[in-house]
Amino acid sequence: MTENTEEKLKKIFLETLQIGEGDFGFDKSKSEFSSWDSLAHMQIISEIESVFGVSLQMDEVVDVQKPSDLLCLIEKKGK
Amino acid sequence: MLLLWGSQPGLWQKEINSMDISIGIDLAEIGRFSKIEKESRFAKNIFTSREIESCFKKKNPAESLAARFAAKEAVKKTLKENVRFNEIEIINEKTGKPEINFIDKKLNKKYKPLISITHADKYALAVCLMFKP
């Protein structure tokens with residue numbers, strides 16, 4: 001897990017959820033981000049697939065509860 | 001079956017009791033679909049190629065995309081399985097009436113959905129009534 005990966009993922013969250021850096025945290029839960037709804041979730045997943053060149057499966061993304069879960073998934077894919 | 005329920009009061013309750021029925025509803029903001037590009041990963045993750053072609057032929061694609069997204073969410077809320085958005089297809093009959101087509105044909109046999117969709121200036125709304133015979 002590189003700092004670069006963290007920064008790229010954080011940027012995806014800030015832009016998609018339209019939040020400031022102070023409102024973001026890798027271990028904040030989905031319910032703590034008021035703009036993280038199902039549409040935003042799909043936008044985040046799609047951006048991750050485009051930026052990191054990975055393909056995320058339904059059973060992988062359905063259990064995602066916080067940004068760090070996605071960080072683990074990206075790392076697992078070797079990116 | 002619905003005609004039978006209407007014509008024989010009392011029987012409908014028995015019919016409903018013998019079925020598994022669930023309901024799903026969703027509201028989508030049309031504006032959030034205004035910048036979606038036809039060839040984007042996001043569009044392909046949510047919509048089937050047939051839906052993308054159909055929506056982008058419309059004068060205001062965002063309205064159609066939002067309505068379909070709301071319909072897919074409404075359907076997902078009635079299902080027991082986790083199904084990807086792009087495996088639930090909303091197609092319109094010649095009359096314009098929307099119908100649900102699951103890409104996984106087993107789900108077409110398992111579920112019998114009824115869907116209703118509407119939209120106004122800013123929002124699209126869909127309600128799904130799902131019957132599992």
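Normalised Debye scattering of the stretch B:18-132 at q = 0.10, 0.17, 0.19 Å⁻¹ gives log10 I(q)/I(0) of -0.27, -0.77, -0.96, counting only Cα atoms as equal scatterers and leaving out solvent.
Remark: the stretch A:51-63, residue by residue, has Karplus-estimated 3J(HN,Hα) of 5, 9, x, 10, 10, 9, 8, 3, 5, 7, 8, 5, 8 Hz, where x stands for each Gly or Pro and the curve is 6.51 cos²θ - 1.76 cosθ + 1.60 at θ = phi - 60°.
Each residue of the stretch B:43-54 is assigned a 3J(HN,Hα), and the resulting list reads 4, 6, 6, 9, 10, 7, 4, 5, 5, 4, 4, 5 Hz, derived from the Karplus form 6.51 cos²θ - 1.76 cosθ + 1.60 (θ = phi - 60°), x at Gly and Pro. Charges were assigned to the Cβ only: +1 to each Lys and Arg, -1 to each Asp and Glu. The resulting dipole of the protein assembly as shown about its Cα centre is roughly 940 debye. In order along the stretch B:94-99, the Karplus-derived 3J(HN,Hα) couplings, from 6.51 cos²θ - 1.76 cosθ + 1.60 at θ = phi - 60°, round to 4, 6, x, 5, x, 10 Hz, and Gly and Pro are given as x. Each semi-axis of the equivalent ellipsoid for the protein assembly as shown is √(5λ) with λ an eigenvalue of the Cα gyration tensor; in descending order they amount to 35, 20, 16 Å.
For the residues of A:33-42, the average number of beta carbons from a partner chain within 10 Å of their own beta carbon is 3. For the stretch A:3-76, the spherically averaged projection of the C-alpha convex hull amounts to 4.5 nm². Between A:H41 and B:E37, the modelled labels are 2.6 nm apart [label points 7 Å from Cα along Cα→Cβ].
Sorted on the mean count of surrounding Cβ atoms within 10 Å across their residues, most packed first, peptides B:33-43, B:95-105, B:123-133 read B:123-133, B:33-43, B:95-105.
None of the figures in this text is laboratory data; all of them are computed from the coordinates on show. Small disclaimer: the values here were computed from a predicted structure and weren't measured. Because the Cβ atoms are built from the backbone with ideal geometry, glycine has one as well, and the counts that use them run over all protein chains shown.
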